[in-house]
1. To two decimal places, what compactness ratio does the range A:97-231 give when its Cα radius of gyration is scaled by 2.2 N^0.38 Å?
2. On a 0 to 90° scale, report how tilted helix A:298-328 is relative to the longest principal axis of chain A, with both axes built from alpha carbons and the result rounded to the nearest 10.
3. Taking Cα pairs under 8 Å and at least six residues apart, what relative contact order does chain B come out at, in percent?
4. Gap in Å between the Cα centre of the range A:69-102 and the Cα centre of the range A:285-303?
5. Given only helices, namely DSSP H runs of n ≥ 4 each adding -39500 (n - 2.57), what is the per-residue ellipticity at 222 nm of chain A, to the nearest 500 deg cm²/dmol?
6. Where does each of B:Phe316, B:Phe52 land when they are ranked from fewest to most other beta-carbon atoms within 10 angstrom?
7. Return A:Cys178, B:Cys243 ranked ascending by Cβ neighbour count within 10 Å, so the fewest neighbours appear first.
8. Can you give the mean number of other chain Cβ atoms that lie within 10 Å of the Cβ atoms in peptide B:118-126?
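Please treat every number below as a calculation from the coordinates, not as lab data. What you see is a predicted model; the values in this text were computed from it and never measured. Glycine also receives a Cβ, built like all others from the backbone with ideal geometry; neighbour counts cover every protein chain displayed.
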Amino acid sequence: MSSQAENTGAVYTDEILFPGNPTFESITESVSRIPEARKTPRAWWVLFSISLALAGMLVAMIGYLFWEGIGIWGVQIPVGWGWAIVNFVWWVGIGHAGTIISAILFLLRQRWRTSINRFAEAMTIFAVICALIFPSIHVGRAWVLYWTMPFPNQMDLWPNFRSPLLWDAFAVGTYFACSFMFWYVGLIPDLATLRDRAINRIKKILYGIFSLGWRGGNRQWRHYELAYLVLAGISTPLVLSVHSIVSTDFATSIVPGWHTTIFPPYFVAGAIFSGFAMVMTLSVIARKIYNLEHIITPKVLERMNLIMLVTGSMVGYSYAMEFFIAWYSGNEIEQFTFINRAFGPYAWAYWIMISCNVLVPQLFWFKRFRTSIPVMFVASILINIGMWFERFVIVMSLARDYLPSSWDYYSPTVYDVGIYIGSIGLFFTLFLLFLRFMPMVAMSEVKGVLPQADPHYGEKAHA
Amino acid sequence: MQVDPKTYRVTENSKVGIIGLIIGIVGLALSGIGYMTDSAQFFHSYLVAFFFWLTIALGGLFFTLLHDLVQAKWSIVIRRIAESIMTVLPLMALFAIPVFLGIHELYHWSHADVVAHDEILQKKAGYLNVTFFIIRAVVYFAIWIIFALLLYKKSLQMDKTKDSSILVKLRRISAPGMILFALTSTFAAFDWLMSLDPHWYSTIFGVYVFSGSFLAVLSFIILVVLYQRHNEVMRQTVTVEHCHDLAKLTFGFVIFWAYMGFSQYFLMWYANIPEETVWYLHRWQGDWKDISLVIIFGHFAIPFVVLITRAAKRSFPVLLVISVWLLFVHWVDLYWLVLPNLYNHEVHLSWIDLTTMVGIGGVFVWYFWRRYTSQPLVPIGDPGLQKSIDFVNI
């Protein structure tokens, strides 16, 4: 029997996660040297300056928005929800990859996730920050945003608990809190590593504070592992609930093309899809710049592509269901909406959406494409564009509402575009700071799945 | 029941197959009488029973497709059970014939005079007509049977040749199989269940039926495993660890099912459009309200609470009770989908409900058991077998 067990590796090839037989030390070294580096790479400065400039533009434009009101956007009647809601859904969706990688893939024992989970989680947090900007500024009077929170007040006024927008505030808020906790708990052992390696007193104190006195003792690890499992359990329903709630913003209404029962799972699949695309875009760049090709291996990238293939196909399934049921319903308005999407004034957006979200991931059926880094890089960007357009197509259903007399064509203004691009700048500003000062790969987790971590490592296979 | 521990072949079979066959024939014969006494009741009960067992067979197909596609290791020792379940699909194709015969009793849209007075049904006539309905059913079954038999054949081939390259072939087959499965099972649910109320529609309906189907097959697999343990065979091969994982999946899909059910209900409740809410209204009037509550609590709340702890997932008595219960509520769920079509306000449980269930079920179990025990009980040619046997949850 033992010979059979040894042969297993040949077919079930996932046994070897990291080629080149890295040691614990080499993993620590190749990850820690990035935040420890004395000199910041020039490329980092270039990217950071651009991102910071864009983030500055975001702040300036939001300032003007507060001064002038949301009339500076292209929103009008009937399209009261313009780019802001599109961007909100897009950013929240992108955040989902971090949570599925750290929570669901953890519960599913997918050990390859260890090389990407840390920065995917960081991406989640930054994406949620960007997402939260949009509904906050879209309310118009951002200074009374706290009214969304239910709190006792002398006017006895409460938010409308039956409003999906309120659920959003709770869902996304919970999501942010849990993701942040999960990310931070995961960081503790690695922060301790950086503390122990620090040669600079300030760094030592700062990493020391944030590593919460981690010593790596047996009891600490036991508590840590349990906390990790519990947090994974808590985060798993969040993967599904957050975007389901976001989908109810649309689906609880009676707007044709919005009110359809498949929306919650369809939005979740789309969120995971776009999130993985963003992780892919970032990891292809980061592994190259920081020489992490031996940790973020081609095998890991290939698996991410497979997840994109699966979730992209689920999204395609949802499009098909919407279209079929729109016909099957016999409801003229519903039918019109879908025909209008495909052939109306926004047909260009619809076909961008279909080609990027349904057709592009089909490339990953072929091993040649899903292992080719240029292909996956371009595909991941196209998917993110496609997913933005998906939300755009959904929102633009408003342009052709029940009253033909109010039909209009929505065009964004410079402020719509500027704030959107600015939010991308903010995202990259935060992300680049993270890359510079934090361990971007979960060292302790990668070490945990190395063959050396097996207590029986080095023992002969017993007969 | 005796199993050779080396070859995993059954040396002395239990009587479960024969008993199943006898019960099945008796059940079908009694159902025949039911047909003569009350044909409308018979066809509705029959559709529920047929769909109950069909969802298990399809669940087996899905389990196998998924296993082969992702090349899971822990479930190798369970794979043969799922594979044997899906080989019942040709038999289920035969059991579909009475549904075709009862088409006019079951589906309003099949009556030309009804359609003539119904504007909405006229629009749907291109899809909802008898000829196309039967053609689609034949296509669904053809696809299911082809994939089921192909995967089964390849898997048996691996038993003999020990050729691990077959794993790659299984994966190649199951990838397109998965896509076709998603589409065919969805449209089968639309055709056979959703079109019972031909005005009503829901985009999530296919996924809802699928989630119940996968839950049912997981319960069925757990029962087969427990039956083997009861007979003191395969205890060293299919261990508590595999049961634990099956229970985790069951737990996950209890939630997934509720998620689907809730998404559908909630969005319709909120939007409050009469053409959608009428479907739930029928299921919230009179006795049907009780059945709805049984589903909410029985299909979600109770199994959710019971399965939440690790200890429960590893306890054989708990798994036995919860699997039987989940199969029962799966039947209630299908009953709740179909029977309001016949009885608008009151629930009329009929003896035909029982006879059709055990009739098809008995023959199903016999056929499954014969297939299952005729081959090694685990895929002995799979190079990951030992890993799967040694699998432990940490």
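1. With N residues counted in the range A:97-231, Rg over 2.2 N^0.38 Å equals 1.35.
2. Between helix and principal axis, roughly 20 degrees.
3. Numbers: 521 pairs, mean separation 145.7, N = 394.
Computed value for chain B: 37 percent relative contact order.
4. That distance is 30 Å.
5. On the way: 16 runs with 302 residues, N = 463.
Helices in chain A give a 222 nm mean residue ellipticity of -22500 deg cm²/dmol.
6. Values: B:Phe316 14, B:Phe52 23.
The fewest-first ordering by Cβ neighbours comes to B:Phe316, B:Phe52.
7. Details: A:Cys178 18, B:Cys243 22.
So the residues, fewest neighbours to most, are A:Cys178, B:Cys243.
8. Details: counts 1, 1, 3, 1, 1, 7, 4, 0, 2.
Partner Cβ neighbours, averaged per residue: 2.
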